[in-house]
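Accompanying notes for the structure given below.
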Amino acid sequence: MIGAALLAAGRPVTVAELAGVLGLDDAQTRDRVATFARTVGEHHLGFEVEEVAGGFRLVVPPALAGSLAPLLAPPPLPALSAAALEVLAVIAYRQPVTRAEIEAMRGGSAGTVVTLQERELVKVVGTSDALGHPLLYGTTERFLLDFGLGSLADLPPLQGEDFAHLLRG
């Protein structure tokens, strides 16, 4: 049942959601997910259970991803530019943040915010009380998924202001 739920959802499924489907409490559900993940790993089924973005999902192991590339659609997007990574890092670490604040921190344009929105890595999360009520930006669940983070608390600690270096990892 766990495998079917994770496959059918097509997104990370929380422990609470799985517990509801299975009719168990959260602790029992976590135990069942751990057992399922071990079983999948022992039998080399070509996928594994990953805990990310506050839930669990089925993923293809990185070692197999290359050979499956012809089956994947759409083709992968080009890598983010250094400027886009810097803007994304500023948003991730300082959210919610305005475009003006991003530009002040970077010392340059925050024009790549649109690209990051198109890729669903950032979104408008509100408006500031400052003059003109500028938009506030924050990261999305897609950001957590793409960077393999369970939550924003999993971001590496800041050391200096080289944000792009942190996200290139």
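FYI, it's all coordinate maths here, none of it is from the lab. Since we're looking at a predicted model, the values are computed, not measured. Here Cβ is always computed from backbone atoms with ideal geometry, including for glycine, and neighbour counts include all displayed protein chains.
Where q = 0.14 Å⁻¹, what log10 of I(q)/I(0) comes from the Debye formula for the range 2-66, counting one point per Cα?
These q points yield log10 I(q)/I(0) values of -0.38.
Just want to confirm a number: the relative contact order over the chain, from Cα pairs under 8 angstrom separated by 6+ residues, in percent.
Details: 196 pairs, mean separation 33.0, N = 169.
Result for the chain is 20 percent.
Any idea what the dipole of the range 2-66 comes to, in debye rounded to 20, about its Cα centre with Lys/Arg Cβ at +1 and Asp/Glu Cβ at -1? Before the final figure, lay out each step's value.
Numbers: 5 positive and 8 negative charges, 28 e Å.
Roughly 140 debye, rounded to the nearest 20.
Charges at C-beta only: +1 for Lys and Arg, -1 for Asp and Glu. How large is the resulting dipole of the chain about its Cα centre, in Debye rounded to 20? Write down the numbers at each step before the final one.
On the way: 12 positive and 19 negative charges, 55 e Å.
Dipole about the Cα centre, nearest 20: 260 debye.
Say we join alpha carbon atoms closer than 10 Å with springs in a Gaussian network model of the chain; which of 136, 77, 121 then has the biggest fluctuation?
77
If you build a Gaussian network model of the chain, linking Cα atoms that sit under 10 Å apart, which residue out of 54, 66, 46 swings the most?
The residue that fluctuates most here is 66.
Any chance you could get the radius of gyration and Dmax over the Cα atoms of the chain, in Å?
When restricted to the Cα atoms of the chain, Rg and Dmax are 18.9, 60 Å.
Rank 52, 62, 16 by how far each Cα sits towards the positive end of the charge dipole of the range 2-66 (+1 on Lys, Arg Cβ; -1 on Asp, Glu Cβ) and give me just the farthest.
Highest projection toward the positive end goes to 62.
What whole number of Å gives the distance from the Cα centroid of the range 106-150 to the Cα centroid of the range 1-58?
30
Under a 5 Å amide H to amide H cut-off, with H placed in plane at 1.01 Å, what residues pair with residue 125 once short-range neighbours are removed?
Amide H neighbours of residue 125, under 5 Å, 5+ apart: 136, 137, 138.
Between residue 104 and residue 130, 0.36 nm times their residue separation minus their Cα-Cα distance comes to what? Walk me through the intermediate numbers first.
Details: separation 26, 0.36 × 26 = 9.36 nm, distance 1.53 nm.
Between residue 104 and residue 130, full extension yields an extra 7.8 nm.
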